[in-house]
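Enquirer: Just passing along the structure, written as structure tokens.
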Amino acid sequence: MDPPADHRRRAVGVVEEAPQPVLRAIMESGETWDDPSEDLLFILLEDIRDKHELFLIVERVRDASGQTYMQVIREEDSTYRLEYRDGSADRHFFAVTADMREAHNVLTKWSFELPGWDSAMPWQRLKPD
């Protein structure tokens, strides 16, 4: 038995768009992940720790300017430099930690908009070049 004609019409004409990602993780190599999980962020930081990559950027996709992000960079002295930019050059800050887990904690809280990320480290304003 065939389904009713109106059902067939709806099935053929309906194309659902995939939801837009909220976050995008980008590695130094250019590899990207949409909406990375807390666990994936940890794995990506392990890649930085193990010197497979130099940095990781997590950006908020809804900001079309690309100016809302947090990045983690492994410095030559093995510390992790976290930077966040909140929409413009005058809202660009950094902090440094030697602890990858602390970097992960702050990155995760920022990524998922959880309280406490902004008070977890002593942020300093980054002066524009």
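The values are calculated or read from the model by the stated rules, or taken from the named source; none is laboratory data. Please read these numbers as outputs of a predicted model, since none were measured by experiment. Note that each Cβ is placed from the backbone with ideal geometry, even for glycine, and that neighbours are counted across all protein chains shown.
Enquirer: Cβ-Cβ under 7 Å, sequence separation 6+ or interchain: first residue in segment 105-129 and more than 20 Å from Val22 (Cα to Cα), partner at pLDDT below 95 and part of a helix (DSSP H, G or I). Which pairs?
Expert: Pro128/Ala89
Enquirer: Here's a follow-up. Inspect all residues belonging to segment 114-122 and state whether any of them is at negative phi and assigned to a strand (DSSP E or B).
Expert: no
Enquirer: May I ask you to list the residues in segment 112-129 that are surrounded by 11 or more Cβ atoms within 10 Å (Cβ to Cβ) and touching a helix residue (DSSP H, G or I) at 6+ places or on another chain (Cβ under 7 Å)?
Expert: Scanning segment 112-129 gives Trp117, Ala120, Met121.
Enquirer: Given Ala64, Ala95, which one is outside any helix (DSSP H, G or I), surrounded by fewer than 16 Cβ atoms within 10 Å (Cβ to Cβ) and small (Gly, Ala, Ser)?
Expert: Ala64
Enquirer: From the list Glu59, Glu28, exactly one residue is touching a Gly at 6+ places or on another chain (Cβ under 8 Å) and touching a residue at least 24 places away in the same chain (Cβ under 8 Å). Which is it?
Expert: Of Glu59, Glu28, the one residue that is touching a Gly at 6+ places or on another chain (Cβ under 8 Å) and touching a residue at least 24 places away in the same chain (Cβ under 8 Å) is Glu59.
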